C-alpha cells in the first residue's frame, strides 16, 4: 500500500498494454524518435546536421535519465526544454542540433497523435474480439425463443441470439467509427511557433519545397501518410473530441449490453460468469451479483461524461494556441482510453465462448410460456374466424378474458388461465389439443434465425475476415 493517490485505472481496471501507451516512457521515447526524425530529415535536406549526430541521437532513444530530466524541469519550469537538455547530456555531439527549428508542440502534439493512433489500434483489436464472440453467441442461440420487451414490458417473442445481434450491431457501428478516426489521424508535422513555419523558412532560406519535404519525411518515418494542412501552434483540439466521442460510442454500446445482462440476470434467464469461490455479497451468501456488467456500466458512464472535457477544450482555444488545454487534455484523453480498455477487457471475459454468459433455457421457456397465451390471442382469433366466427365479437371476448387472466395473475398470484377461459367458451370452437399445438414458442419468433444468419454472413464475417480473426468464429454457421 502507498500513502498517495493511485488511479484505479492503473491498479484495478486498465490493461498493462494500454497503461504503457500512456506511460512516461512511451511519451518521452516518442519525443526522442521525433527529434531523430527531424534531425535525419534536416540532414538529408542539407542543413548542418551530420550522420554521426543522427546516429548518436538514435542510439540514445531509450537512454533517458528521468531524475536528471526532473531536475532540469524544476530549474527551467518547462518540460520540453528539460528533456532537450537531458537528451543533449546523453548525446554531447548532437546536443546543439536537437529540436532545431521546432517548437514544443512539435514533440508534444505529434506524440499525442501517435499515442492516440496506437491506443485506437488496441481498442480496435479488442472490439473486434468482442464482436466475434458475440456473433458466435448469437449463432448458438439464434433459435432459442425468449421474451422481447418494449417499455420493459413483455411484447412479443424474439430469440436469445437475435437479441445478441442488437448488441453486436452497435459494436460494429463503433468499429466503423474507430476505423474512421484511425484513418483520418494526421501528424501536426513541423509547423513552428504559430503554424507559419517561419523558423524553417529561415533555416532553409525560404525554400518552400524543402520545408514540405521535411514534413513528408517526418510523417513517413513516424508511420503517417499526411500532416495537417494548416494549424496554429497545435493541431485542432477537435481531433481529441472526435476520438473521445468514438470511445464514448463504444461505452454507450457496452452500457446497453451491460444493462440488458443485469436485467436478464435478475430474471434468472442469462447470467454473467460467476467463479467457484466468488462472493456475491458480504451479508447475503446466496447472492450472485452481476458485478462485471455493473462495472461495465459504471466505467461507461465515466467515459461518456468525459467527452465534455475535450469538447470544452476545443471551444476555448484562443487564436493560435493557449495552454489551458494541457492539464485537462493529458487527463481526459488518457482516461477515456483507459476506461474503454477496461470495459472491453470485461466484455471479452463476459462473452467468452467457453466460460462466459450462462443461458438458462428452461427458465427462459418458463417465462415465455407464462406470457405466450396473451401473445397467441390474435392467432386464436384468426382460427376462430376461419371456422365461421365474428371477428369483432371474438376480439371483444378476448379482451375481456385477457383482463380477467391478467387480474388473476397480478392480484391473486395465480397462473395465467387465459387459455382455459378461451377453451371453455364455445364461441372460439377450439380444443385443448389445438391450443397446445398453437402455443409453441417457435411459432412466434418470426425470421429471427434467418436474421441472425444473414447478419453474421453479411455484416460480421466480412469485418472479421478483414481483421484476420475469422479463425475465432470457426463455430459460426454462415
(message) Given points 7 Å out from each Cα along the Cα-Cβ axis, report the residue 362 to residue 205 separation in nanometres with one decimal.
(response) 8.9 nm
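Among 417, 325, which comes first, second and so on when ranked by fewest other beta-carbon atoms within 10 Å?
Numbers: 417 16, 325 20.
Going from sparsest to densest Cβ surroundings: 417, 325.
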(request) Have a look at the DSSP beta bridges in the chain and tell me what percent are antiparallel, nearest 5. (result) 90 percent
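Since every read-out is calculated from the coordinates, none of them should be taken as a lab result. It should be emphasised that the depicted structure is a prediction, and the values quoted were computed from it without experimental measurement. Note: ideal-geometry Cβ built from the backbone for every residue, glycine included; neighbour counts use all protein chains shown.
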